[in-house]
Every structure is written in structure tokens, then in C-alpha cells.
Amino acid sequence: MAKEDTGQKLIASNKTARRDYEITDTYEAGMVLTGTEVKALRAGKANLKDSYAVVSDDEVFLRELHIGHYDHGNRYNHEPLRSRKLLLHKREIKRLYGKSREKGLSLIPLKLYFKNSMVKVEIGIGKGKKLHDRRQDIKKREERLDISRNFKSKQIKV
């Protein structure tokens, strides 16, 4: 029996999401894509920077996800910024709908990856951070680095 590759191959990640939002829950969703979109994703032509998810009519859509044109796509090429439907269970859609209606919560795509040759997106429920929250995060990170540096230097001297 041949083993299947169950590993994940990262296509794109939203690097500013965790900086700008406090992520509470994450969900994995499939995407409805055309052939040229999948080929463009295999070439790494995706940008999650300004994208967001919206729940409407018991369906979840990913908006503003930029998937570049496939080089050999000719007239059947896709539109780069079209809305793409996400595939989730009904109970997950209801939960996302409830959370997205709460004040200050948004649905943010965190990363886009291949899992068993299927394109998946990780959606996070996030609350926007204020400037002082970001500064506190930076301060905590620097304190952790200082502690680890001091600990390493004391181990070497002994």
C-alpha cells in the first residue's frame, strides 16, 4: 500500500492578521475554485493581505483574495479578485454568522495551503487591536527575548 502525503504545503499567509487582530477561534474551510485558479495557486500567485470573509444567505464567501492570472490560461483565465465560496459544515456557518454579527469581530483568512491536493483556507475570528495593545505585545515579546538571552548567557558562564 502506498502512503499518501498528508502534509500541508503553504501557499500564502496573512502576516499582518495576528498583528492587527486578536484571533480567538480558527476554522479550516475548503474553497470552490476553477482550474486556472488552482494552477495559479500551485505557482504561488496568491495574496491574502486585504481579504476577508463574509457570511450571507447561509454561505461563506472570501472576498478580495487576489489570485494572479495563470500564465498559460488564455481566454479561460479567471478574474483575480472574484468572490470565492468557502465550504464549511452548516453548524460552523451558523457559528461564524453569530460571531460575525457581534460588535468588533471579523472573519479573517490566516493562511492558504494545499492539504491532500485540496486547497484549504484557515479562517480566524478576530477582534481588532488598538495601538496600545500592539505596543504591549511588542513589549512582552522583547521581555521574553531578554529573559531567554540572560538565561543562555548564565548557562554558558557556569
* To do: Kindly provide the set of residues from segment 12-56 that are of a type in the set (Lys, Arg) and over 22 Å from residue 133 (Cβ atoms), ordered by number.
  => 39, 42, 45
* To do: Just give me the residues in segment 7-35 being of a type in the set (Lys, Arg) and either at positive phi or not in a strand (DSSP E or B) (or both), in sequence order.
  => 15, 18, 19
* One residue from 16, 6, 34 being surrounded by 14 or more Cβ atoms within 10 Å (Cβ to Cβ) and modelled with pLDDT under 90 -> 34
* To do: Answer yes or no: is there a residue in segment 130-141 that is surrounded by 11 or more Cβ atoms within 10 Å (Cβ to Cβ) and either outside any helix (DSSP H, G or I) or at pLDDT 85 or above (or both).
  => no
* Of (1) modelled with pLDDT of 85 or more; (2) more than 15 Å from the chain's Cα centre (by Cα), residue 125 satisfies all except one. Which? -> (2)
* To do: Name every residue in segment 66-98 that is in a helix (DSSP H, G or I) and of a type in the set (Asp, Glu), in order of residue number.
  => 92
* Restricting segment 45-99 to residues that are closer than 15 Å to residue 33 by Cβ and among the small types (Gly, Ala, Ser), which is surrounded by the most Cβ atoms within 10 Å (Cβ to Cβ)? -> 51
* Asked: Can we say residue 122 is without any contact (Cβ under 8 Å) to a residue 60 or more places away in the chain and out of contact with any helix residue (DSSP H, G or I) (no Cβ under 6 Å at 6 or more places or on another chain)?
  -> no
* Test residue 103 against the criterion of being of a type in the set (Lys, Arg) and free of Cβ contacts under 8 Å to residues at least 60 places away in the same chain, and give yes or no. => yes
* To do: Answer with yes or no whether residue 76 is within 28 Å of residue 134 (Cβ to Cβ), of a type in the set (Ser, Thr, Tyr) and in contact with a Gly (Cβ under 9 Å, 6 or more places away or on another chain).
  => no
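The values are calculated or read from the model by the stated rules, or taken from the named source; none is laboratory data. Everything quoted here is computed from the prediction, not taken from an experiment. Cβ sites come from the backbone with ideal geometry, for glycine too, and all protein chains shown count toward neighbours.
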